[in-house]
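The values are calculated or read from the model by the stated rules, or taken from the named source; none is laboratory data. Computed from a predicted structure; not experimentally measured. Cβ sites come from the backbone with ideal geometry, for glycine too, and all protein chains shown count toward neighbours.
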Amino acid sequence: MAILKVNNLSKSFGNIKAVQEISFEATEGRVLSLLGPSGCGKTTTLRCIAGFENPDQGEIYLDDRKITPFPPEKRGIGMVFQNYALWPHMTVYGNLAFGLQIRKVPKPEINKRIKKILSMVQLEGYENRYPRQMSGGQQQRIAMARALVFEPDIMLLDEPLSNLDAKLREEMRFEFTELQKKLGITAVYVTHDQAEALVLSDKIVILDQGKIVQSGTPKEIFSNPKNKFVAGFIAVTSFMDGKVDSLAEEQKKVVVKTDDGLTIQGNNSNLFVEQRVSVAIRMNAVHFVQDEDEIEKNSVNLFKGKIIQSSYLGNIVDYKISVGNWIVRTNTEVKNNFKVGDEVKFYLPPEKIIVTLEK
């Protein structure tokens, strides 16, 4: 186990600034996720840590050892690639043994380590199979086992689950979590999948255009996004832009007048009157109102709209609601059963409404 420190890292490709002066720390025995859209710099950052790219500036440390000048094989890092990168002409045993043989590990020790790691990934008895004879999930586990078999100080994973189907991807998230906790290894996990980052991470670093936009625990980032980009990227969110109309500091609430002339109350985010903001409404914040007494009680953040889209998803229905030019997306239990064209009333609890910076 080790602590990874990245200090002031930058990397450009010609005129493209892929990574711009980013710094973060991955705590020993924990999972840090680099999360962001395609082209945000997360894979370039990972490749710099692994030694496959030379940064233009900045330093990378494992504990107190500066590894920036070292080639990949001398950094003590295990890497799991997006496409697994298993040798197709080698058996499982060959794939796992190759790196150890290069490091001149004695054969009895190689056999011991391979037996142990295959047990951990629940693939005992697969030593003589070739990658083509295995499912995607099994290949992914072998790729992970290959990264772990030489007992690295830290493991890097570049979107390792992206090639799996949705059901298997969800299963592998939990398998990875169990394996990582069992080994207690430090891991840096690159993904563009918000759910994956929330499930797997102890800390999330969100990147956009080569810069760190926000970092923190999954709960911190989900509950208190720094700006509209983060709020929209971390979860399905509807937005209304506008200006702060008034503050109610004692209640920790802020009232926003939207560009469409609507008034909405949400959580105070240390804002000031007339400041440009975005109001973020998560799908679970929308509550349909059908009882007249409830309408009287919830006079704040009460809106009328029309169902413009309905998608049946089994145990829930996904709705889009239009309120003038504003489109709200939500899902609810099937029992509500609204149809396209229905007029609806809905309530937005102020404590669930996030008011954040527009940019």
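Filtered by the rule that a residue be among the hydrophobic types (A, V, I, L, M, F, W, C), modelled with pLDDT under 85 and within 12 Å of GLN122 (Cβ to Cβ), segment 145-181 gives MET172, LEU179.
Count of segment 255-283 residues, restricted to those that are in contact with a helix residue (DSSP H, G or I) (Cβ under 9 Å, 6 or more places away or on another chain), modelled with pLDDT of 90 or more and farther than 16 Å from TYR347 by Cβ, is 3. For LYS243, indicate whether it is assigned by TED's automatic domain parsing to the domain that holds LEU156, more than 30 Å from GLY184 (Cβ to Cβ) and among the charged types (D, E, K, R). Criteria not met by LYS243. Check whether at least one residue in segment 284-291 is modelled with pLDDT of 90 or more and either more than 30 Å from GLU220 (Cα to Cα) or in contact with a Lys or Arg (Cβ under 7 Å, 6 or more places away or on another chain) (or both), and report yes or no. Yes, some residue in segment 284-291 is modelled with pLDDT of 90 or more and either more than 30 Å from GLU220 (Cα to Cα) or in contact with a Lys or Arg (Cβ under 7 Å, 6 or more places away or on another chain) (or both). For segment 1-56, the set of residues classified as surrounded by fewer than 24 Cβ atoms within 10 Å (Cβ to Cβ), within 16 Å of PHE81 (Cα to Cα) and of a type in the set (Lys, Arg) consists of ARG47 only. Here are the criteria: (1) crowded, with 22+ Cβ neighbours inside 10 Å; (2) in a helix (DSSP H, G or I). Tell me which single one MET172 does not satisfy. Only one criterion is unmet by MET172, namely (1).
Results for (1) of a type outside the set (Asp, Glu); (2) at pLDDT below 95, shown as yes or no for each residue.
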site: PHE24; (1), (2): yes, no
site: SER38; (1), (2): yes, yes
site: ASP56; (1), (2): no, no
site: PRO71; (1), (2): yes, yes
site: MET79; (1), (2): yes, yes
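On inspection, SER162 fails the criterion of being in a helix (DSSP H, G or I), surrounded by fewer than 21 Cβ atoms within 10 Å (Cβ to Cβ) and within 31 Å of the chain's Cα centre (by Cα).
Are any of the residues in segment 134-149 loosely packed, with under 14 Cβ neighbours inside 10 Å, in the same structural domain as ASN83 (by TED's automatic domain parsing) and of a type outside the set (Gly, Ala, Ser)?
Step one: list which residues in segment 134-149 are loosely packed, with under 14 Cβ neighbours inside 10 Å, which gives 135.
Narrowing further to those that are in the same structural domain as ASN83 (by TED's automatic domain parsing): 135.
Subset that is of a type outside the set (Gly, Ala, Ser): none.
No - not one qualifying residue is present in segment 134-149.
Which one is surrounded by the fewest Cβ atoms within 10 Å (Cβ to Cβ) among residues in segment 88-114 that are hydrophobic (A, V, I, L, M, F, W, C) and more than 30 Å from VAL6 (Cβ to Cβ)? Steps first, answer last, please.
Taking segment 88-114 and keeping what is hydrophobic (A, V, I, L, M, F, W, C), we get 90, 92, 96-98, 100, 102, 105, 110, 114.
Right, trim to more than 30 Å from VAL6 (Cβ to Cβ) and you get 90, 92, 97, 110, 114.
Details: MET90: 14, VAL92: 26, ALA97: 21, ILE110: 20, ILE114: 20.
Only one residue fits best here, namely MET90.
Looking across segment 90-116, the residues that are over 35 Å from the mean Cα position of the chain (by Cα) and not in a helix (DSSP H, G or I) come down to LYS104, VAL105, PRO106.
Filter segment 330-347 down to the residues that are within 26 Å of the chain's Cα centre (by Cα) and crowded, with 18+ Cβ neighbours inside 10 Å, then identify the one that is modelled with the highest pLDDT.
First, the residues of segment 330-347 that are within 26 Å of the chain's Cα centre (by Cα): 330-332.
With the extra rule that they be crowded, with 18+ Cβ neighbours inside 10 Å, the set shrinks to 330, 332.
Working: THR330: 92, THR332: 84.
Per the stated criteria, the residue is THR330.
Only one entry of LYS219, LYS182, LYS211 meets the criterion of being in contact (Cβ under 8 Å) with a residue 60 or more places away in the chain, surrounded by fewer than 22 Cβ atoms within 10 Å (Cβ to Cβ) and closer than 19 Å to THR27 by Cβ, and that entry is LYS182.
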